[in-house]
1. Hand me the list of strands (runs of 3 or more DSSP E) wholly inside the stretch 1-83 holding 1 or more residues that are in contact (Cβ under 8 Å) with a residue 40 or more places away in the chain.
2. Looking only at the stretch 30-43, which residues are farther than 17 Å from Gln69 by Cβ and open to solvent by 20 Å² or more (accessible area, probe 1.4 Å)?
3. Hey, can you tell me all the residues within the stretch 1-29 that are closer than 19 Å to Arg65 by Cα, modelled with pLDDT of 95 or more and open to solvent by 20 Å² or more (accessible area, probe 1.4 Å)?
4. Looking at (1) under 21 Å from the mean Cα position of the chain (by Cα); (2) hydrophobic (A, V, I, L, M, F, W, C); (3) at pLDDT below 90, which one does Ala42 not meet, given that it meets all the others?
5. In the stretch 13-60, which residues are β-branched (Val, Ile, Thr) and farther than 19 Å from Pro102 by Cα?
6. Closer than 22 Å to Ala100 by Cβ, surrounded by fewer than 21 Cβ atoms within 10 Å (Cβ to Cβ) and modelled with pLDDT of 90 or more: which single residue out of Ala172, Ala189 fits that description?
Amino acid sequence: MATIALVDDDENIITSVSIFLEGEGYNVRTYNDGASALTALAEDPPDLGIFDIKMPRMDGLELLRRLRQSSNLPVIFLTSKDDEFDEALGLNLGADDYIAKPFSQRLLGERVKAVLRRARLSGEPVGTVGLEPGDSKPLERGSLLLDPNRHACSWKGEPVRLTVTEFLILQALATRPGYVKSRDNLMDAAYDDQVYVDDRTIDSHIKRIRKKFREGDKSFDAIETLYGVGYRYKED
């Protein structure tokens, strides 16, 4: 049974999310602010952290920053719609994903399962884990290899660490190289249909995906922008 640490100052969120996650079979530990969570998480790490960004005493960003000094704990951020800057900063600090409030329990459950599975298998090279019934085959597009079963990615044989949302966006593009995907198409691929995100959020994800690939390959240009239309994956 995986253990999840839920850190949020909103008692309604603590109660509703805890009930849902426990119903899904997880063990849940709760904290009302980052300061009270920091020592406990460092001494007894859970399998996954779900952190609110804005909290008293110590916010989620500072909590993650301090944990990253000694821990690779997978983390999902809970954010408000007006937290775009904090979302970008959180992902740069090493968060695995974020979910904008209000969110559906189905969306949260999918993100939790995906992040936990990726973390559990992250020590294996992309594409080497044996397929189980219901698993999808890795997707190979030239130098790109995507393993949808682990939400793992590599480029020219080197791993590229993507959040679950970034992975889903890239997968939607790479599934049909040369075909244009509108921002609405990419929203549908990466987000629950009950959650609205604006065009800037998709654009921000694309920028971060490109940045991560260019850290290892400065010539990366496989994602093309068609201004006013959307994005297209160009197979090398």
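1. On the way: elements: 3-7, 27-31, 48-52, 75-79.
Fully inside the stretch 1-83 and qualifying: 3-7, 48-52, 75-79.
2. To start, the set of residues in the stretch 30-43 that are farther than 17 Å from Gln69 by Cβ comprises 30-33, 36.
Passing the criteria: Thr30, Tyr31, Asn32, Ser36.
3. The answer is none; no residue qualifies.
4. Unmet for Ala42, out of (1) under 21 Å from the mean Cα position of the chain (by Cα); (2) hydrophobic (A, V, I, L, M, F, W, C); (3) at pLDDT below 90: (1).
5. We begin by selecting, within the stretch 13-60, every residue β-branched (Val, Ile, Thr); these are 13-15, 17, 19, 28, 30, 39, 50, 53.
Scanning the stretch 13-60 gives Val28, Thr30, Thr39.
6. Working: Ala189 fails: modelled with pLDDT of 90 or more.
Residue meeting the stated conditions: Ala172.
The values are calculated or read from the model by the stated rules, or taken from the named source; none is laboratory data. Computed from a predicted structure; not experimentally measured. Virtual Cβ from ideal backbone geometry, glycine too; neighbours counted across all protein chains shown. Surface accessibility is based on the protein's heavy atoms, side chains included, excluding ligands, DNA and RNA. Shrake-Rupley method; radii C 1.70, N 1.55, O 1.52, S 1.80 Å.
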